[in-house]
Amino acid sequence: RKEVEQDPGPFNVPEGATVAFNCTYSNSASQSFFWYRQDCRKEPKLLMSVYSSGNEDGRFTAQLNRASQYISLLIRDSKLSDSATYLCAPYRNTDKLIFGTGTRLQVFP
Amino acid sequence: DVKVTQSSRYLVKRTGEKVFLECVQDMDHENMFWYRQDPGLGLRLIYFSYDVKMKEKGDIPEGYSVSREKKERFSLILESASTNQTSMYLCASSGLFATNEKLFFGSGTQLSVL
């Protein structure tokens, strides 16, 4: 089993739609979790941090389910500019951030 | 504005060459990382460093070494480049309490080994 698993997509959604991605992780000791956004041919940039059960920032909501070992990212009212790859990243121990392969989102008009 | 700078955006080398990838950060960060990113495999950790002259192996250190002589600079070295090291290389840094802090990435170096 991979340490971090994500559905690669692509998720093709119309503007205004709500879309959700899941990410499962295998290390039950992970305490901190992050979602990064990566545009085509660009470096990843932090989107959200998740330390407890969840976090919300505008149209974006991240939730953590420790019992089932997954985190989710919900995007409401999708914009064209949300088109990107979304990388899930739990901390393996106290120092190593491990990335999933990413989920690609394409928002169309 | 914070910055992680990688010396080259594109690099073409020949098999067997020694390759240096340089990374400099201006945020006085303790932690620095080297990842490579390949389609379908995502970002994989090669090496990281907590402090000057400190280094730790990541998940795929084979064929690579690193150097951190100054706090702001972390170099990745390919002793003898091979075609399977063709990849996008990303450097990143973070502050002392790494689990609570985000990574800042450089813009990446696309290395092609012919």
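Per the listing A:D7, A:D77, the residue uniquely open to solvent by 60 Å² or more (accessible area, probe 1.4 Å) and under 27 Å from B:W34 (Cα atoms) is A:D7.
Would it be correct to say that A:T61 is in contact (Cβ under 8 Å) with a residue 24 or more places away in the chain and not charged (D, E, K, R)? Considered against the rule, which asks whether it is in contact (Cβ under 8 Å) with a residue 24 or more places away in the chain and not charged (D, E, K, R), A:T61 comes out as no. Checked against (1) assigned to a strand (DSSP E or B); (2) without any contact (Cβ under 8 Å) to a residue 40 or more places away in the chain; (3) crowded, with 17+ Cβ neighbours inside 10 Å, A:F34 meets all criteria but (2). Scoring A:C23 on the criteria (1) at pLDDT below 90; (2) more than 8 Å from every other protein chain (Cβ to nearest Cβ); (3) surrounded by 14 or more Cβ atoms within 10 Å (Cβ to Cβ) leaves a single failure, condition (1).
In this structure, does A:L87 turn out to be touching a Lys or Arg at 6+ places or on another chain (Cβ under 9 Å), assigned to a strand (DSSP E or B) and surrounded by fewer than 17 Cβ atoms within 10 Å (Cβ to Cβ)? So A:L87 does not fit the description; no.
For (1) within 25 Å of A:R41 (Cβ to Cβ); (2) open to solvent by less than 60 Å² (accessible area, probe 1.4 Å); (3) polar (S, T, N, Q); (4) away from every other protein chain (no Cβ under 11 Å), each residue gets a yes or a no:
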{"residue": "B:M32", "(1), (2), (3), (4)": "yes, yes, no, yes"}
{"residue": "B:L43", "(1), (2), (3), (4)": "yes, yes, no, no"}
{"residue": "B:I46", "(1), (2), (3), (4)": "yes, yes, no, yes"}
{"residue": "B:Y50", "(1), (2), (3), (4)": "no, no, no, no"}
{"residue": "B:E62", "(1), (2), (3), (4)": "no, no, no, yes"}
{"residue": "B:R68", "(1), (2), (3), (4)": "no, yes, no, yes"}
{"residue": "B:G95", "(1), (2), (3), (4)": "no, yes, no, yes"}
{"residue": "B:G108", "(1), (2), (3), (4)": "yes, yes, no, no"}
{"residue": "B:V113", "(1), (2), (3), (4)": "yes, yes, no, yes"}
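Set side by side, the residues A:A67, A:A89 differ, and just one is of a type in the set (A, V, I, L, M) and within 10 Å of chain B (Cβ to nearest Cβ), which is A:A89.
The values are calculated or read from the model by the stated rules, or taken from the named source; none is laboratory data. Model, not experiment: these values are computed from the prediction. Counting neighbours? That spans all protein chains shown, and the Cβs are built from the backbone with ideal geometry, glycine included. Each accessible area value is taken on the protein alone, full model and side chains, heavy atoms only, with ligands, DNA and RNA left out. Shrake-Rupley method; radii C 1.70, N 1.55, O 1.52, S 1.80 Å.
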